[in-house]
Amino acid sequence: MKVLVTGGAGFIGSEFVRQGVKKGYRIVVVDKLTYAGDLKRLCEVRGRYMFYKADICDKKKMEAIFRKERPAVIAHFAAESHVDRSIEDASPFMDTNVKGTQVMLDCCRKFGIKRFLHVSTDEVYGEISRGSFTESSAFNPNSPYSVTKAAADMLVRAYWRTYGVPAVIVRPSNNYGPWQFPEKLIPVAIHRVRAGKKIPVYARGHNVREWLYVSDCAQAIWLVLAKGRIGESYNIGSGQEYRNIDTARMILEIMGKPDNMIEFVKDRPGHDIRYSLNTAKIRRELGWKAGTRFSEGLKKTIDWYLKH
Ligand SMILES: NC(=O)c1ccc[n+]([C@@H]2O[C@H](COP(=O)([O-])OP(=O)(O)OC[C@H]3O[C@@H](n4cnc5c(N)ncnc54)[C@H](O)[C@@H]3O)[C@@H](O)[C@H]2O)c1
């Protein structure tokens, strides 16, 4: 089966491609190679996938790629993904995340694609102080990033309802692991500690994130692509929730540094206090459960950054 992967040179997309090549799928990667894209992430599978450097907003180019490659299914990861950047400038987020998703959906209609897997995010639900979000929880996105992801998510649903585009949606929680661009909390923290600097933590560090190891996430996405029900969405979470201050302390402990190497910085505007996913659906329907404990994944991630 030929799988076209958008954003396959990014953090999660590249893990999905590495796993897919090893499983024997024929993979076509389409990536604009923005600041966040890097083909080095695919060095392990070099020469074993097709690559197109292209912008998913470019309809003509996308149609030409679909016409030439005739993929059976699409896994759509490409996005502008960093909340802080969306607060600085929402424009590229509107373009890639909303318009780009629409272009991909139109190509799926035109070329009769068998399955379109859309990678959404837990952030579409907004924040929750107690309990967890299920797939039918209302959308309440709070950052320009999550608003564009919510718009894309709803557009995918609309294309399924209106045109019968066979789509399935995943909503993962915060990912971490090797190859993440060092602008997100965990790689930033590792880089700073390694340079003898303090870890910057927003406000008092009480915001909670549900941490999912990237290879667990990619494995779940392969499963949903193969067996998820069309027209459905699936939360992908680990159930392992930590306050940012505790994540920073765990990193300091693993790296053998004192726990006061933390500096509190001005809070992110509109900062969501807590994300939490109910994952009963993916467990019940597909038998999937995150396999990596946070402490174990964090050790592997730190080892990887120190080696690279
Ligand atoms: N990282 C997380 O914790 C997380 C959690 C939940 C959901 N997600 C979602 O998962 C997906 C992948 O996230 P990530 O962390 O790997 O992101 P990333 O920023 O590491 O990678 C994004 C990739 O998309 C490419 N890209 C950006 N704009 C493009 C365009 N216009 N055309 C073609 N390619 C383009 C970039 O070059 C890059 O390779 C995104 O849709 C994101 O919203 C991420």
| message | Just the residues that are crowded, with 18+ Cβ neighbours inside 10 Å, of a type in the set (Val, Ile, Thr) and either farther than 19 Å from residue 272 by Cβ or out of contact with any Leu (no Cβ under 7 Å at 6 or more places or on another chain) (or both), please, taken from the stretch 200-246. | response | 201, 208, 214, 221, 224, 245
| If only one of 54, 36 is touching a residue at least 60 places away in the same chain (Cβ under 8 Å) and among the aliphatic types (A, V, I, L, M), which one is it? | 36
| request: Please specify each residue of the stretch 65-93 satisfying the condition of being outside any loop (DSSP other than H, G, I, E, B), more than 17 Å from the chain's Cα centre (by Cα) and of a type in the set (A, V, I, L, M). | output: 65, 73, 87
| Hey, among the residues in the stretch 110-126 that are away from the ligand (no atom under 15 Å from the Cβ) and in a loop (DSSP other than H, G, I, E, B), which one's farthest from the chain's Cα centre (by Cα)? | 112
| Set 43, 107: member being within 16 Å of residue 152 (Cα to Cα) and more than 7 Å from the ligand (Cβ to nearest atom) | 107
| query | Is the stretch 73-91 home to any residue that is in contact (Cβ under 8 Å) with a residue 40 or more places away in the chain, in contact with a Pro (Cβ under 6 Å, 6 or more places away or on another chain) and not aliphatic (A, V, I, L, M)? | reply | yes
| Every residue from the stretch 253-289 that is of a type in the set (Gly, Ala, Ser) and either more than 22 Å from residue 187 (Cβ to Cβ) or in contact with a strand residue (DSSP E or B) (Cβ under 6 Å, 6 or more places away or on another chain) (or both) | 270, 276, 280, 287
| When the stretch 1-38 is examined, which residues are found to be within 9 Å of the ligand (Cβ to nearest atom), surrounded by fewer than 22 Cβ atoms within 10 Å (Cβ to Cβ) and of a type in the set (A, V, I, L, M, F, W, C)? | 33, 36
| Which numbered condition trips up residue 292, out of (1) under 29 Å from residue 113 (Cβ atoms); (2) part of a loop (DSSP other than H, G, I, E, B)? | (1)
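Quick note: the coordinates plus some simple rules give every number you see, no bench work behind them. Here the structure is a predicted model, which means the values were calculated and not measured. Note that each Cβ is placed from the backbone with ideal geometry, even for glycine, and that neighbours are counted across all protein chains shown.
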